[in-house]
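Structure, as structure tokens:
The values are calculated or read from the model by the stated rules, or taken from the named source; none is laboratory data. Because the structure is predicted, anything quoted here is derived from the model rather than measured. Glycine also receives a Cβ, built like all others from the backbone with ideal geometry; neighbour counts cover every protein chain displayed.
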Amino acid sequence: MLRIPTLKRRLPHYLSGVLLTFVICATGMQTTQAAPPSTSDLPDIGTPADEVFSRSDEYQIGSMVARELREAGRILDDPETTEYIQAIGASLSSRAQEGTQKFTFFVLKDPSINAFAVPGGFVFVHSGLILSTTSESELAGVLAHEISHVTQRHIARSIEAQSRGSLAATAAMLGSVLLGALSHSSQVGMAGVIAGQNAAIQQQLNFSREDEYEADRVGMGVMDLAGYDPKAMATFFETLSNRMGSGGPNAKLLEILQTHPVTSARVAEARNRATAYPIVRPVDTTGYRLTRERLRVMTFSLDTNPRDVYTDTTALDSKVNDYRRYGRAIGLMQTNAGSEAVPILRDLVARHPDVIEYHSALGQALLASGDLPASREVLGHAKDLFPRNVPVTIRYAETLMRADEPRLAHSVLLDLFNAVPPTHDQVRLIALAASAAGEAAEANYYMAEYHLINGELTLGIETLRLALATPNITPMQRSRFKARIDELKEFLPPRLQAAVDRGEPLPAKIPDNERR
């Protein structure tokens, strides 16, 4: 049995099992190759922050914040959207540095126009921001800007300047403020932050003028290397600034301008800098257009009828018409009318057999309409056409589970995750598939990895013990489970390592005074 990738030994023990995803996937983006940026464009900054927060420390803080957002239900769990944002993020981040910093990208369910990064390379984009962009280069500009804040250590330097508290306390306060901002309620933000600390942590989300200029400058270089139009960064922020200035009911949604203030001088400087780059006119990818339609539908109010939003569009440009037909089909599925979406998607697949999103959506629509055999056939064929594509494989496994074929679902998911690190929800799916297939030991093994992704080291070890205690496991399984326990045990404090050796139960959490 193959296994999910193991942790890196350099991570401190109490979050050592975190396996947050860094998926590099293909959506057909057109990029250009260029010489690496000069050191003047991408400076390697050494700062006092290094003495307080190592890159491993930053990863811990970021992963804890991501966990808080996930537990609060803010992270969008949609394989197609996640696949796209990871792809464009990977295209940019791979050109932003020499590979020492890993990045993970998330879409948050929030209509406001904002994006932010936290330590450790965790970048969050609000659904409202993606919908507010008018081109893929504009979205790339926002991501490149946030990526540059991470690579230039702006976040760590800001935190170092504001607080020298423990990593856990820093992450908890940062997460509380973010949740407060996302809920648009000061009550939520103050829940985990004592008086006086909220303002200090909020300040950590704000960057100096010099930081903003540097993130613009470095980000433009990254955009150019990835084949996007650097001018789009200035254009997008200028557009948002104009919207804010005009007031109106949507002005309050422009949160990005509170943490990334835009001045006329900054826009002018960005425009002037963009002229130094060659003129490029990149074409928006199909993935970008379909993701926007998908998010548009997923953020409809409960009383919105997709039939009213997506009326007859035959007079539009053929490509735009197809994108809107896709949106209509997704909307119909959202309103439990999957059977109406099937003919729309069958036509799109027939005319555009190379567009993965159409295959995936057709399989979903057939499943929603109750036609399990057809859904299985469509997604099985798509899996053959696009091997190890994450959304297609996930949707295929979901259909197999509904068709009472958990053993095959387990097999196809295992093949995928042998090549692509699984996300939080995907680990849970493979655990459910293994359990339904009667493979209790493997189900416990995957649930242990699920707990480790949540940063629950002791619970992960306890679940591995359950896997090890399962009757009739094979010698290979016994060896694998024991090796994993021994690996994780090294990250426990000595007292708890001895408890593992004696077979004693572990506490749900490691006491703060025993973390190291």
Practice task
Keeping to the range 502-515, report how many residues are farther than 16 Å from residue 459 by Cα and at pLDDT 90 or above.
Solution key: 1
Fill in the blank from the handout: Those residues of the range 83-121 that are of a type in the set (Ser, Thr, Tyr), out of contact with any helix residue (DSSP H, G or I) (no Cβ under 7 Å at 6 or more places or on another chain) and part of a loop (DSSP other than H, G, I, E, B) come to a total of 2
Handout entry: residue 425 among the acidic types (Asp, Glu) and under 24 Å from the mean Cα position of the chain (by Cα)
Key = yes
Practice task
Could you give me the residue pairs with C-beta distances under 7 Å whose first residue belongs to the range 390-403 and is in contact (Cβ under 8 Å) with a residue 12 or more places away in the chain, whose second residue is outside any helix (DSSP H, G or I) wherever it lies, and which are 6+ apart or on separate chains?
Solution key: 390/23; 390/25; 390/420; 392/386
Completion exercise
Condition set of a type outside the set (D, E, K, R) and within 19 Å of the chain's Cα centre (by Cα), scope the range 287-306, selection farthest from residue 357 (Cα to Cα): answer is 299
Practice task
Please indicate, with yes or no, whether at least one residue in the range 473-488 is buried (at least 22 other Cβ atoms within 10 Å of the Cβ), of a type in the set (Val, Ile, Thr) and either out of contact with any helix residue (DSSP H, G or I) (no Cβ under 8 Å at 6 or more places or on another chain) or part of a helix (DSSP H, G or I) (or both).
Solution key: no
Completion exercise
Those helices (runs of 4 or more DSSP H) completely within the range 299-371 that have 1 or more residues that are farther than 25 Å from residue 402 by Cα are 306-309, 318-334, 338-351
